Every structure is written in C-alpha cells, then in structure tokens.
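The structure appears below as structure tokens.
The values are calculated or read from the model by the stated rules, or taken from the named source; none is laboratory data. Keep in mind the model is a prediction, meaning the values are calculated, not measured. No Cβ is skipped: glycine too gets one built from the backbone with ideal geometry, and neighbour counts run over all protein chains shown.
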Amino acid sequence: MIEHRALIVALTTREVLGRYRGSVLGLFWAVFQPVLMLAVYTFVFGLIFRSRWPGGSGSRAEFALVLFAGLLVFNMFAECLNRAPTLIVSNSNYVKRVVFPLEILPCVTVGVALFQLLVSFVVWLAFHAFTIGMPPVTALLFPIALLPLVFFALAVAWLFSSLGVYLRDTVQVTGLVTAVLMFLSPIFYPADAIPARFRAFADLNPLVPIIEQVRRVLIWKQGLALDQYLPVLLVSLLALWFGYSWFEKTRKGFADVL
C-alpha cells in the first residue's frame, strides 16, 4: 500500500469523481444523500414512532444522531462488502493484459467508502452543532475508533474479491448478508437490548463493538473502552493478514478463470 500509494489515491479520486460525472449536481450528491437520510430517520423515528434512546436525554435529535452514528459504521462496511465480489471481474483487463498490482483494488474500494463516510461524518457534526451544540471533545477519537473497521473492511474486500472470481454466487450471498447484518447490528437499538441467550451469537458480529465504541466517543462523551477496543483491533489485524494471504494465494488463477 505504501509502495503504490500514489496509484491508490489516483484510482480512488477517479472512482469518486466517476460516480458523479455527468450529473447536474456533481459531488453535491455525496452530501445530499446523507442529509436526506438523516432527515428521514429524524422524521420517522422521532415524529412517527416517537422513539427515544435508552439512557439518553430523550430528545428526537439525539436519537437521530445515535442512529446515524451506527449507520456511519454499517454503511462503510456494507459498501466494501457489496462491491468486493465484482471488483476483479469488472476489472478483468487489469488481470489479462496489464502488469498491475491487483491487491490495491480492494484498497481503492475502501478508500471510496472512507470518502463517503467522511462526508456523512461532516453532516453528522453539522447536525449535532445545529440541534444540540458543539460535539464533545471525545469526537477527536473517532478516527482511532474506526481503525478496526478499516482493517476489517479491507480484509473482507480482499477475501470476497477473490471469491467473486471463482464463485459468481458470491454477489447474491453478500447482498443477503448485508440485509441481515443491518438488523443484527445495534443500529436501531442498543447492544444491551440483545437478550442474554443470544449475546454469544451477537458477539460474533464484528460491527457490534465497533458501533459501540463510535457511539462512546461521539455521543456519550466517553473515551475508548480499551478492554473492548484492543481485542477487536487485534482480531481485525488478524483478519487483515488472512484476507491478504488468501488473495495472494488465489490470484494466480484469476487469469485462467476470467
């Protein structure tokens, strides 16, 4: 990644700009989408369902911010997971004709997802400042709280981009997993609401502790819970090693399959 950092940045920039090229509003769509979704969540859960987050102040704005903080984590992971299976297949020209470092393509996918997350985070900050006040100082820990997510998303991108070459059903599998994972992750409810008998299964979801850490620093004005953060960081690093190793061992067959 360090060796090819200039190429990664160039491809990420091209991918981001390519999404909005030709549209009237251009990059404004990157801002408009999270603003619209935040407004919808505030209206549906605050005005219609009158939902309140347990342990919070009970305000509608706070509920929307708590919910949106969880979506920051989930949306980034979901984009990397859904893009991964077609990543190599849709760039087959890099495999067949050009000597190209294929391992950086998942890095580009993660980079694009991080850009969208950054835009959504700016929207979150603006909404917090407008409705509640200045965000807490602990929000500065947000990038550190996200490190396990970045490592895990990259690991998943390496793994499923390789599987997508050999198993075309991977696209359907990741779509199904994303839909299920959205409701099994504590986005619309706190992790403490999960019944004790299902807690062991919930612990298998790597997004659960990451979402909780993000909410600690963004919403509850607390620092990182290191006893929970460090094990997740270690697991994400192991997943990163496994995903990259898998990709390197299977890439030799890409050209023959494609």
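Remarks
- Subset tally (residues that are surrounded by 22 or more Cβ atoms within 10 Å (Cβ to Cβ) and part of a helix (DSSP H, G or I)) for the stretch 82-96: 3
- Filtered residue count, the stretch 134-165, keeping only those that are outside any helix (DSSP H, G or I) and either in contact with an Asp or Glu (Cβ under 6 Å, 6 or more places away or on another chain) or without any contact (Cβ under 8 Å) to a residue 24 or more places away in the chain (or both): 1
- Qualifying residue in the stretch 54-65 (condition: touching a residue at least 40 places away in the same chain (Cβ under 8 Å) and in contact with a Leu (Cβ under 7 Å, 6 or more places away or on another chain)): yes
- Against the numbered list (1) of a type in the set (Val, Ile, Thr); (2) under 30 Å from residue 218 (Cα atoms); (3) at pLDDT below 90; (4) surrounded by fewer than 18 Cβ atoms within 10 Å (Cβ to Cβ), residue 99 comes up short only at (2).
- Residue in the stretch 61-72 that is at pLDDT 95 or above, in a helix (DSSP H, G or I), crowded, with 16+ Cβ neighbours inside 10 Å and of a type in the set (D, E, K, R) present: no
- With respect to being exposed (fewer than 15 other Cβ atoms within 10 Å of the Cβ) and either at pLDDT 95 or above or in a helix (DSSP H, G or I) (or both), residue 224 falls outside the description.
- Taking the listed residues 208, 165, 156, the one that is buried (at least 17 other Cβ atoms within 10 Å of the Cβ) and within 26 Å of residue 44 (Cα to Cα) is 208, with no other qualifying.
- Residue in the stretch 13-20 that is surrounded by fewer than 18 Cβ atoms within 10 Å (Cβ to Cβ) and modelled with pLDDT under 85 present: yes
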